[in-house]
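Data block below; observations after.
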Amino acid sequence: MDLSAINPVLLVASLMVAATPLLLAAIGELVVERAGVLNLGVEGMMIVGAISGFAIAVETGSPWLGFIGAAVGGAILSLLFVVLTQVALANQVASGLALTLFGLGLSALMGQSYVGIKPPAMGKLDLPVLSDLPVVGPILFSHDLVLYLGIALTAAVWWMLKHSRAGLILRAVGENHDAAHALGYKVIRIRVMAIMFGGACAGLGGAYISLIRVPQWTEGMTAGVGWIALALVVFASWKPWRALLGAYLFGGVTVVQLNLQAAGVAIPVEYLAMSPYIITILVLVILSADKSSAPASLGRTFHASH
Amino acid sequence: MKFTSILATAAIALGLATSAMAQDKTKVGFVYVGPVGDGGWTYEHNKGRLAVEEHFGDKVETVFVESVPEGPDAERVMTQMALEGADLIFTTSFGYMDPTINVAKKFPKVKFEHATGYKQAENVSVYSARFYEGRAVQGTIAGRMTKSNIVGYIGSYPIPEVIRGINSAFIHARKVNPDVQFKIVWAYTWFDPAKEADAAKVLIEQGADVILQHTDSTAPQAAAQAAGNVITFGQASDMSEYAPMPRVSSIIDNWAPYYIARTQAVMDGTWTSVSTWDGIGAGMVGIGEISDAVPAEVKAEALALKDALANGSYHAFTGPLKKQDGSDWLAEGETADDGTLAGMNFYVEGIEGDIPN
């Protein structure tokens, strides 16, 4: 065992990178579920975002345009979910699953000619003095900007839900769509916007994997992150900061356990491998002891005539 | 109950009908563990499938299902293929072993071929390649090239095939560089680019400047490229898009000749259950071009080893070798028998850490 081989600064820095795709997708889904819609298509939107962002970044040479493309791609795919569940009033669970399957297939098709290509590198934050600080520099001030965007987005969503009128309306729609409708709010319109926001966030999360974390395009490369994001939203009791905590915990324990393995720590590898799931669930379950419950209208179909 | 039995009958009838219709064509099914675009393991199996199609043209029809999890779902996929009239089914991952045996019992007339496993049956053949021969070549290059004397190894699952590869690479790295150490990380997945990239990054952060992988995607290559002075080896496929650096060589699985021969055997009615385990000599394991990033004398040494392995004058597991606990395994000049290799569940002397159970 040689724990000194682990560099704690690099470890914290890389756990933030590992957590970001999860965080982006979870924040998006959180808003969707707060509006009363259960979209199980996160994985599908992520992978489509991953290839859209990758393709656009490669074609234009700009990772920024890639990320914008990824958000647009994820949002466009979520429109399919909108048509199915908000217009055709189909079952949300089935539609979400279909969206994931469709997204996986579509992305494989779109990505045919992008296997083995290296995407343009994303610039990192480089502040003159701050980035060079010994410990704080690498951890706080020298990441790619999308990572900060993830944190900023969490703060923005928290503020929006808690302190803004728009957030109040969104929550009203999610808690009781009939009452919200009776008050004159456009339930469907609000939900459509929430779903598209969720799609855009999932797309960003996917592109973060294909453009920064890995960086390359491989079929099926999100490998289940979307499902973890979905679970995270539930365990985070639909609260943005808890989603951030959960994402960092999950990403963190994943990186830590690999580090411990490489350093030869005498803990059976099986326990290490399952630790991200167990620890994240445990912490969030303990936190959710305050009995915050799911949005009351979650997963229910709304029709104005009912 | 009644409804399901009607359904089942209908499904069987449908299967019979399609198989009757397609009698002139031999139908070959493939079950893949990853997507065909993984750039590694599954990509090569799919190349084998395409080679079968090209070789037999209209006489054959191939079907495949990709990204099939190792478990009950695999059984469902195989059953489906058999019901749809497949004559020969290749199941291309270790974890399909028991599902293959189970499904083969239900369809005695369908031939099954399971890759990298060890359970045979009347209608189940097993086939694998001696990847450990390629690992010996990699180990030699790794031992010569490393400056930090730390070689990182990304394992998938602790199964004999992976352990064999680790041992073979380690033995040959130590042979040319007595100070070399292996750091082994188990990813517990065959295919998860993000996790594979994380594992590679962790190993690099902990000082490794050579990364060997036994997972299927090219993500570790990308991570090594981003890190700079780290070398890697293509796994299962050439991965030449990462040459000359970080990828300095590769193990290439060449399944096409085997797939064509077995399909031919089914057509001729000469198919019997066999156990095939071929290496560099028979062409099932290829060594990808060693790039210019490797010094000429190291390259020559690696190629000489490759030739010795190919013509049988040298075995990758030749004594004296001890097990990790210090007990004797092979005496001077003795070589390992296939039985021990097939079930290998121990590290050789010098590797640190335990194999997960």
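The values are calculated or read from the model by the stated rules, or taken from the named source; none is laboratory data. Fair warning: this is a prediction, and the values are worked out from it, not measured in the lab. Cβ: placed from backbone, ideal geometry, glycine included. Neighbour counts: every protein chain shown.
Test each condition in (1) part of a loop (DSSP other than H, G, I, E, B); (2) surrounded by fewer than 22 Cβ atoms within 10 Å (Cβ to Cβ); (3) at pLDDT 90 or above for B:P244 and report the one that comes out false. Exception for B:P244: condition (3). Inside region B:252-284, residues that are closer than 14 Å to B:S125 by Cβ, among the hydrophobic types (A, V, I, L, M, F, W, C) and not in a strand (DSSP E or B) make up a count of 6.
Kindly evaluate B:G269 against the criterion of being within 14 Å of chain A (Cβ to nearest Cβ) and either surrounded by fewer than 24 Cβ atoms within 10 Å (Cβ to Cβ) or at pLDDT 95 or above (or both). It is false that B:G269 is within 14 Å of chain A (Cβ to nearest Cβ) and either surrounded by fewer than 24 Cβ atoms within 10 Å (Cβ to Cβ) or at pLDDT 95 or above (or both).
Being surrounded by 15 or more Cβ atoms within 10 Å (Cβ to Cβ), more than 16 Å from A:M193 (Cβ to Cβ) and within 14 Å of another protein chain (Cβ to nearest Cβ), is that true of even one residue in region A:83-101? Looking for residues that are surrounded by 15 or more Cβ atoms within 10 Å (Cβ to Cβ), more than 16 Å from A:M193 (Cβ to Cβ) and within 14 Å of another protein chain (Cβ to nearest Cβ), one finds at least one in region A:83-101, hence yes.
Only one of B:G234, B:G228 is within 27 Å of B:D209 (Cβ to Cβ) and exposed (fewer than 14 other Cβ atoms within 10 Å of the Cβ); which? Walk me through it before giving the result.
Values: B:G234 fails: exposed (fewer than 14 other Cβ atoms within 10 Å of the Cβ).
Criteria check complete, one pass: B:G228.
The single residue among B:K109, B:K147, B:K119 that is among the charged types (D, E, K, R), surrounded by fewer than 23 Cβ atoms within 10 Å (Cβ to Cβ) and either closer than 20 Å to B:P220 by Cβ or modelled with pLDDT of 95 or more (or both) turns out to be B:K147. Taken over region B:25-62, the criterion of being assigned to a loop (DSSP other than H, G, I, E, B) and among the acidic types (D, E) is satisfied by B:D38 alone. Against the list (1) buried (at least 19 other Cβ atoms within 10 Å of the Cβ); (2) in a loop (DSSP other than H, G, I, E, B), the condition B:E70 fails is (1). Taking region B:188-208 as the range and being more than 8 Å from chain A (Cβ to nearest Cβ) and in contact with a helix residue (DSSP H, G or I) (Cβ under 6 Å, 6 or more places away or on another chain) as the test, the residues that pass are B:E196, B:A200, B:I204. Based on what the data block shows, is B:F170 away from every other protein chain (no Cβ under 13 Å) and under 25 Å from B:E113 (Cα atoms)? Against the criterion (away from every other protein chain (no Cβ under 13 Å) and under 25 Å from B:E113 (Cα atoms)), B:F170 does not qualify. Sub-6 Å Cβ pairs linking a first residue in region B:262-277 that is within 12 Å of B:K59 (Cα to Cα) to a second residue that is in a helix (DSSP H, G or I), at least 6 apart or interchain, are B:T263/B:V52, ordered by first then second residue.
Could you list all residues from region A:110-139 that are within 10 Å of chain B (Cβ to nearest Cβ) and more than 22 Å from A:A18 (Cβ to Cβ)? Break it down into steps so the answer makes sense when it comes.
Taking region A:110-139 and keeping what is within 10 Å of chain B (Cβ to nearest Cβ), we get A:111-112, A:114-119, A:121.
Within region A:110-139, A:G111, A:Q112, A:Y114, A:V115, A:G116, A:I117 qualify.
Inside region A:106-116, can you point out the residues that are out of contact with any Pro (no Cβ under 7 Å at 6 or more places or on another chain) and surrounded by 14 or more Cβ atoms within 10 Å (Cβ to Cβ)? Working first, answer last.
The first filter runs over region A:106-116 and keeps only residues out of contact with any Pro (no Cβ under 7 Å at 6 or more places or on another chain), leaving A:106-107, A:109-116.
Correct list: A:L106, A:S107, A:M110, A:G111, A:Y114, A:V115, A:G116.
Of the residues that sit in region A:182-232 and are more than 13 Å from every other protein chain (Cβ to nearest Cβ) and among the charged types (D, E, K, R), which one is surrounded by the fewest Cβ atoms within 10 Å (Cβ to Cβ)? Among those residues, the one meeting the criterion is A:R189.
Yes or no, residue by residue, for (1) within 9 Å of chain B (Cβ to nearest Cβ); (2) farther than 26 Å from B:I154 by Cβ:
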residue	(1), (2)
A:F235	no, yes
A:A247	no, no
A:L260	no, no
A:P268	yes, no
A:A289	no, yes
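Scanning region A:173-224 for residues being outside any helix (DSSP H, G or I), over 14 Å from the mean Cα position of the chain (by Cα) and among the aliphatic types (A, V, I, L, M) gives a total of 3.
If you go through region A:142-167 and keep only what is under 19 Å from A:P21 (Cα atoms) and crowded, with 18+ Cβ neighbours inside 10 Å, you end up with A:H143, A:D144, A:V146, A:L147, A:G150, A:L153, A:T154, A:V157, A:W158.
Could you say whether any residue in region A:41-62 is within 14 Å of another protein chain (Cβ to nearest Cβ) and of a type in the set (S, T, N, Q)? Checked against the condition, which is being within 14 Å of another protein chain (Cβ to nearest Cβ) and of a type in the set (S, T, N, Q), region A:41-62 yields no hits at all. Of all residues in region B:106-159, those being at positive phi and in the same structural domain as B:R49 (by TED's automatic domain parsing) number 1. When region B:316-331 is filtered for residues that are surrounded by fewer than 17 Cβ atoms within 10 Å (Cβ to Cβ), at pLDDT 90 or above and assigned to a loop (DSSP other than H, G, I, E, B), the ones remaining, listed by number, are B:P320, B:D325, B:G326, B:S327, B:A331.
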